[in-house]
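The values are calculated or read from the model by the stated rules, or taken from the named source; none is laboratory data. Treat the numbers as computed from the prediction; the structure is a model and nothing was measured. No Cβ is skipped: glycine too gets one built from the backbone with ideal geometry, and neighbour counts run over all protein chains shown. Only protein heavy atoms, including side chains, enter the accessible area calculation; ligands, DNA and RNA are left aside. Shrake-Rupley method; radii C 1.70, N 1.55, O 1.52, S 1.80 Å.
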Amino acid sequence: MNQKSIEKEKILEELSKFKNQDLNYSDGRILGSMCTCADPLAKEVFCDFLDSNLGDPGLFEGTQTLEEEVIKDIGRFLSLEKPYGNVLTGGTEANLMAIRAARNLARKEKNIGNIDFDEYIVPEVVVPKSAHFSLEKAADILNLKLVEADLDENYRVDVNSVKENINDNTVAIVGIAGTTELGIIDPIEDLSNLAIENNIYLHVDAAFGGFSIPFLKDLGYDLPSFDFSLDGVSSITVDPHKMGLAPIPSGCIIFREKKYLDIMAVEAPYLTSKEQSTIVGTRLGAPAAATWAIMQHMGRDGYAKNANECMVNTEFLADALIKEGFEIIIEPELNIVAFTHPEIPTDDLAKMLEEKAWMVSVSSYPKAIRIILMQHIKYTNLIDFLECLREIKSSLNIR
Ligand SMILES: *Cc1c(COP(=O)(O)O)cnc(C)c1O
């Protein structure tokens, strides 16, 4: 670090060099991200609330009310009148909180995972093979065993496989509404029934799908139920910083009952609140305020329009790729297209695209080029992208 202060102008100039090395969503070439440019209003509000600390809510009662309203509004579109939860840093933290709640409850109600018992029973969580890696982190942090259930031929979790993997030590099962790699919605209704039959906590990871499925359903899209309308669902993760158009970081955990927060609460001696259930202590209020603002600004109609536009582009891209001789892994359910070419190894194709400044990502199961049709990707970008694929094919002498 420098000894003496450097003047503002010089710092900003230096910073712009770094910023110029970053990519911009607005260029329309980031094809493999679940995030997108935040709305300008949300960014403005975010900066306004940079001093607010939800870790000490008695000092920031206004911001705390905004957080409560965000949770209430999200709960409403997830079919829950009286939701409990928090605005967090993202899906990772939300999933961690859900699994922690399930683990703590099992400690109390089932004597699983209690550290003061002579014999420590390792609690188990059954997740789909398609689960986000954040659940691996949660299992590691919470000292749980993660058990992977198989997928069916449509890449949805096989409910029989989940059932077979449930045992006396299972503290939670997880279903996904919009998988990270393919955007597939698991059969949550069947998982809900399974959870009720076995008296097990069901967490739904809708980090990606939570801000689109309800609104696409409004428009008549034929998508399955995944929310609190299913009695077995105890908690849902939703990421406003993905399809919710909120600035990073914003992810929400929504619980059906207050007891899930209470079971995690620890005393917070020197603060204005008596106890804390969140993992993070000093906690920025800006994400709650910015998420509140963008939700007000978009409204249900705005989110429906956004999700629909993304789906129109998704369907266009999927059809065009098939016409160009590519193979679609599965008919898209949400705004993700995963594809391969029978004659081009997927990693090679990804590399060639990157050399031409198209930032795609590669899915692991199955291996494929994965395009997430977020709102920053426009029809004209897709036309250019398809042209690039044609060039790559002809350079390889593929028709
Ligand atoms: C993105 C994602 C996560 C992780 O969310 P972060 O905001 O990156 O922490 C978890 N689950 C699913 C299904 C996701 O798509």
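When residue 46 is tested against (1) touching a residue at least 60 places away in the same chain (Cβ under 8 Å); (2) within 30 Å of residue 351 (Cα to Cα), exactly one condition is not met: (2).
Matching residues to (1) away from the ligand (no atom under 16 Å from the Cβ); (2) within 24 Å of residue 55 (Cα to Cα):
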position: 211; (1), (2): no, no
position: 225; (1), (2): yes, no
position: 234; (1), (2): yes, no
position: 247; (1), (2): no, yes
position: 256; (1), (2): yes, yes
position: 262; (1), (2): yes, yes
position: 279; (1), (2): no, yes
position: 306; (1), (2): yes, no
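Quick check on residue 84: is it surrounded by fewer than 21 Cβ atoms within 10 Å (Cβ to Cβ), on the phi < 0 side of the Ramachandran plot and aromatic (Phe, Trp, Tyr)? Before the answer, list the steps.
Values: surrounded by fewer than 21 Cβ atoms within 10 Å (Cβ to Cβ): no; on the phi < 0 side of the Ramachandran plot: yes; aromatic (Phe, Trp, Tyr): yes.
When the stated conditions are applied, residue 84 does not pass them.
Scanning the range 325-347 for residues that are touching a residue at least 60 places away in the same chain (Cβ under 8 Å) and surrounded by fewer than 23 Cβ atoms within 10 Å (Cβ to Cβ) returns 325, 326, 329, 330, 332.
Residue 180 meets each of the listed conditions (1) in contact with a helix residue (DSSP H, G or I) (Cβ under 7 Å, 6 or more places away or on another chain); (2) buried (at least 20 other Cβ atoms within 10 Å of the Cβ); (3) more than 25 Å from residue 106 (Cβ to Cβ) apart from (1).
So that you can scan it fast, the table gives a plain yes or no per residue for (1) of a type outside the set (Gly, Ala, Ser); (2) away from the ligand (no atom under 16 Å from the Cβ):
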site	(1), (2)
139	no, no
143	yes, yes
154	yes, yes
168	yes, yes
173	yes, no
176	yes, no
180	yes, no
192	no, yes
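Each residue in the range 75-123 was checked for being of a type in the set (S, T, N, Q), assigned to a loop (DSSP other than H, G, I, E, B) and in contact (Cβ under 8 Å) with a residue 24 or more places away in the chain, and 2 of them qualify. Which residues, taken from the range 189-240, are touching a strand residue (DSSP E or B) at 6+ places or on another chain (Cβ under 8 Å), closer than 19 Å to residue 374 by Cα and small (Gly, Ala, Ser)? Residues satisfying the conditions are 206, 207, 209, 210. In the range 268-293, the residues that are among the hydrophobic types (A, V, I, L, M, F, W, C) form Cβ pairs under 9 Å with partners that are assigned to a loop (DSSP other than H, G, I, E, B) and modelled with pLDDT under 95, at six or more places apart or across chains, as follows: 268/274; 290/38; 290/39; 293/39. Residues that are assigned by TED's automatic domain parsing to the domain that holds residue 179, closer than 24 Å to residue 211 by Cα and of a type in the set (A, V, I, L, M) occur at least once in the range 57-70.
Only helices (runs of 4 or more DSSP H) whose full extent lies in the range 208-324 are considered here, and the ones with at least 1 residues that are out of contact with any Phe, Trp or Tyr (no Cβ under 8 Å at 6 or more places or on another chain), buried (at least 21 other Cβ atoms within 10 Å of the Cβ) and assigned by TED's automatic domain parsing to the domain that holds residue 338 are 286-323.
Residues that are in contact with a strand residue (DSSP E or B) (Cβ under 8 Å, 6 or more places away or on another chain), over 28 Å from residue 31 (Cα atoms) and not in a helix (DSSP H, G or I) within the range 151-188 comprise 158, 166, 167, 169, 170, 171, 172, 173, listed in sequence order. When the range 115-125 is filtered for residues that are open to solvent by less than 30 Å² (accessible area, probe 1.4 Å) and more than 16 Å from the ligand (Cβ to nearest atom), the ones remaining, listed by number, are 123, 124.
Annotation note: Cβ proximity below 7 Å between a residue of the range 361-374 that is in the same structural domain as residue 327 (by TED's automatic domain parsing) and a residue that is in a loop (DSSP other than H, G, I, E, B) and at pLDDT below 95 (sequence gap 6+ or interchain) occurs for no pair. Restricting to the range 126-135, and then to whatever is surrounded by 22 or more Cβ atoms within 10 Å (Cβ to Cβ), without any contact (Cβ under 8 Å) to a residue 60 or more places away in the chain and among the hydrophobic types (A, V, I, L, M, F, W, C), can you tell me which residue is nearest to the ligand (Cβ to nearest atom)? Of everything passing the filter in the range 126-135, 127 is nearest to the ligand (Cβ to nearest atom).
Any residue that is more than 16 Å from the ligand (Cβ to nearest atom), under 23 Å from the mean Cα position of the chain (by Cα), under 17 Å from residue 262 (Cα atoms) and in the same structural domain as residue 173 (by TED's automatic domain parsing) - is there at least one of those in the range 83-100?
Taking the range 83-100 first, the residues more than 16 Å from the ligand (Cβ to nearest atom) are 83-84.
Okay, now just the ones that are also under 23 Å from the mean Cα position of the chain (by Cα), so 83-84.
From what's left, under 17 Å from residue 262 (Cα atoms): 83-84.
Cutting the leftovers down to in the same structural domain as residue 173 (by TED's automatic domain parsing) gives us 83-84.
The answer is yes, given that some residue of the range 83-100 is more than 16 Å from the ligand (Cβ to nearest atom), under 23 Å from the mean Cα position of the chain (by Cα), under 17 Å from residue 262 (Cα atoms) and in the same structural domain as residue 173 (by TED's automatic domain parsing).
Within the range 94-112, being buried (at least 22 other Cβ atoms within 10 Å of the Cβ) and over 13 Å from residue 235 (Cβ atoms) holds for one residue alone: 106.
Could you list, in sequence order, the residues of the range 1-60 that are of a type in the set (A, V, I, L, M, F, W, C) and part of a helix (DSSP H, G or I)? Break it down stepwise before answering.
At the first step, the residues of the range 1-60 found to be of a type in the set (A, V, I, L, M, F, W, C) are 1, 6, 11-12, 15, 18, 23, 30-31, 34-35, 37-38, 41-42, 45-47, 49-50, 54, 59-60.
Listed by number, the residues that qualify are 11, 12, 15, 18, 41, 42, 45, 46, 47, 59.
Report yes if some residue within the range 186-204 is in contact (Cβ under 8 Å) with a residue 40 or more places away in the chain, open to solvent by 20 Å² or more (accessible area, probe 1.4 Å) and over 23 Å from residue 263 (Cα atoms); otherwise report no. Yes, there is a match, as at least one residue in the range 186-204 is in contact (Cβ under 8 Å) with a residue 40 or more places away in the chain, open to solvent by 20 Å² or more (accessible area, probe 1.4 Å) and over 23 Å from residue 263 (Cα atoms).
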